[in-house]
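The values are calculated or read from the model by the stated rules, or taken from the named source; none is laboratory data. All values reported here derive from a predicted model rather than from experimental measurement. Backbone-built Cβ (ideal geometry, glycine too); neighbour counts: all protein chains shown.
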């Protein structure tokens with residue numbers, strides 16, 4: 001469905017602001033609590049948090065993260081799932097979200113309704129109340145930016161920092177061809193997997209793979225080390241080349257550093273019992289830069305998704 | 001300063017994503033804590049909140065909330081101050097913020113640096129750590145959306161709900177001509193005033209005036225009542241007509257319902273001691289709809305700022 005319409009009567013401008021906000025609250029339904037705990041006051045009031053909190057923000061932008069070929073319900077779900085993936089990468093679970101929408105007055109009401117209904121269905125599934133938002137007009141734009149709050153699902157928050165030379169690198173699921181396969185909007189964020197991995201003390205560092213494995217892995221690689229990946233080991237989506245598995249963005253998988261002296265086989269056995277339908281694959285190690293074996297992939301040779309291009 | 005440049009070398013595209021993010025962290029400086037408590041991981045980790053939290057989100061959009069005539073430092077400050085005003089309206093104080101930026105690759109680096117430096121200076125002034133963010137490209141766009149977290153400054157959060165028939169209406173500061181006077185970016189958010197008003201039990205309901213008094217007042221007006229405003233009482237910015245004081249947006253003042261039986265004179269005396277340089281003005285009452293006195297302003301006759309126009 002195309003998000004823009006040339007028919008005034010079918011566009012958001014036909015409703016005007018007040019009726020549009022009323023419609024949004026109807027579309028969100030039970031996913032949006034009543035004010036002051038939801039939309040309708042200057043701020044939303046949130047219950048006290050029990051421990052440390054997590055916060056992240058990610059948008060979906062027309063022409064960049066979706067186009068007319070992606071169903072609007074899937075765009076709404078993708079917006080939340082992208083942020084859930086960031087939360088999963090630290091071992092978190094969600095508590096609340098707010099949404100800032102900037103749209104052209106020609107955005108189609110039908111498209112927008114489906115977008116919000118898709119977001120609401122996803123929010124109910126993952127129990128994320130949509131507590132606030134803003135709608136503003138911007139010419140030729142359709143951007144939705146979601147801020148997600150969460151908390152640690154277990155006793156520990158796992159960051160990108162902490163990997164050491166010698167650590168093994170493991171990755172969940174399959175890599176590559178996310179855009180052409182539709183994975184970029186059909187994926188399931190790895191919340192349960194991230195919470196499980198965060199409970200394993202041998203997992204030293206973790207992040208999600210969203211800009212391509214090779215680019216993202218730089219942030220996990222300890223100083224004075226290089227990632228040496230085995231090209232044959234990379235878990236590739238059907239039809240994906242090694243280069244695509246390294247460079248394509250939007251995998252929304254988790255990549256972890258596992259302590260060098262950990263019993264990797266035991267970790268993998270426990271994983272298979274917990275997640276029999278999802279792979280956890282050892283793909284390489286962090287090694288001294290002069291000890292990269294011949295034939296290993298050098299991730300610095302690959303470019304991941306570049307966000308600013310002219 | 002114009003935010004767009006036709007010279008590639010002076011645009012954000014010249015830096016590319018990684019160096020741009022490094023530059024943003026440099027521009028934010030001490031306003032942005034280190035990961036995992038700030039920018040640089042999948043999520044930012046926030047310390048535990050002591051009580052109920054407040055959350056709000058508001059953007060600044062090129063062509064809507066600012067243009068080339070507004071200094072970029074003032075745009076950055078305005079983005080934070082708009083959100084602080086929402087927090088002030090509930091008696092809150094800020095704890096953390098995240099920023100989602102969508103920009104065209106032709107945005108000028110000089111403009112962007114000043115924007116972030118203005119944001120950072122304002123964040124330091126109000127002690128709001130900028131803990132996270134996202135930068136994404138969107139053609140012809142320059143939008144920054146800030147999500148602000150806060151907490152009650154005192155024992156009470158004041159909402160828009162709670163006014164009763166007979167209650168008096170008071171407003172802080174001056175109204176009207178915000179755009180033409182530059183008030184829309186020079187204003188000081190009423191944080192101290194909001195916290196003070198929230199501690200007064202006779203203040204039953206409060207909100208900020210951002211879309212024009214007449215429009216915003218609808219949200220404060222109790223069911224089965226009408227706001228009857230005295231046109232002579234309206235505190236107008238120099239040169240502002242009564243209509244402008246009612247309809248112009250971006251006042252960023254606070255409007256409150258004060259209990260009918262409260263000692264208004266005592267409230268005003270206490271206010272003058274606390275805030276000798278800022279007015280608090282009684283402007284009318286909530287009355288039964290058939291008791292609106294002749295000569296009173298009927299706010300429903302005025303239209304405030306309309307966010308969606310074709």
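Side notes on the structure shown:
- Residues that are under 23 Å from the mean Cα position of the chain (by Cα) and assigned to a loop (DSSP other than H, G, I, E, B) within segment B:18-48 comprise just one, B:32.
- Positions within segment B:162-187 being within 16 Å of the chain's Cα centre (by Cα), surrounded by fewer than 17 Cβ atoms within 10 Å (Cβ to Cβ) and assigned to a loop (DSSP other than H, G, I, E, B), in sequence order: B:182
- Being assigned to a loop (DSSP other than H, G, I, E, B), touching a helix residue (DSSP H, G or I) at 6+ places or on another chain (Cβ under 7 Å) and more than 7 Å from every other protein chain (Cβ to nearest Cβ) holds for only one residue in A:70, A:75, and it is A:70.
Listed here are the residues, each with its yes/no results for (1) farther than 28 Å from residue B:36 by Cα; (2) surrounded by fewer than 16 Cβ atoms within 10 Å (Cβ to Cβ).
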{"position": "A:194", "(1), (2)": "no, no"}
{"position": "A:203", "(1), (2)": "no, no"}
{"position": "A:218", "(1), (2)": "no, yes"}
{"position": "A:224", "(1), (2)": "no, yes"}
{"position": "A:233", "(1), (2)": "yes, yes"}
{"position": "A:240", "(1), (2)": "yes, no"}
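- Residue match in segment A:102-112 (condition: in contact (Cβ under 8 Å) with a residue 24 or more places away in the chain, away from chain B (no Cβ under 14 Å) and either touching a helix residue (DSSP H, G or I) at 6+ places or on another chain (Cβ under 9 Å) or surrounded by 22 or more Cβ atoms within 10 Å (Cβ to Cβ) (or both)): yes
- Verdict on residue A:80 being touching a residue at least 12 places away in the same chain (Cβ under 8 Å), under 18 Å from residue B:56 (Cα atoms) and touching a helix residue (DSSP H, G or I) at 6+ places or on another chain (Cβ under 6 Å): yes
- In segment B:11-38, the qualifying residues are those that are away from chain A (no Cβ under 11 Å) and in contact with a strand residue (DSSP E or B) (Cβ under 8 Å, 6 or more places away or on another chain), and the one that is surrounded by the most Cβ atoms within 10 Å (Cβ to Cβ) is B:32.
- Filter result (within 22 Å of the chain's Cα centre (by Cα) and assigned to a loop (DSSP other than H, G, I, E, B)) within segment B:261-275: B:275
- Scanning segment B:46-63 for residues that are surrounded by fewer than 22 Cβ atoms within 10 Å (Cβ to Cβ) and either free of Cβ contacts under 8 Å to residues at least 12 places away in the same chain or facing chain A (nearest Cβ under 7 Å) (or both) returns B:47, B:48, B:49, B:51, B:52, B:61, B:63.
- The set of residues in segment A:113-138 that are over 21 Å from residue B:56 (Cβ atoms) and within 14 Å of chain B (Cβ to nearest Cβ) is empty.
- Selection of segment B:1-57 for residues being within 30 Å of residue B:157 (Cβ to Cβ) and not assigned by TED's automatic domain parsing to the domain that holds residue B:109 yields an empty set.
- If you check B:153, B:198 for being in contact (Cβ under 8 Å) with a residue 12 or more places away in the chain, surrounded by 23 or more Cβ atoms within 10 Å (Cβ to Cβ), within 13 Å of residue B:91 (Cβ to Cβ) and within 14 Å of chain A (Cβ to nearest Cβ), only one passes: B:198.
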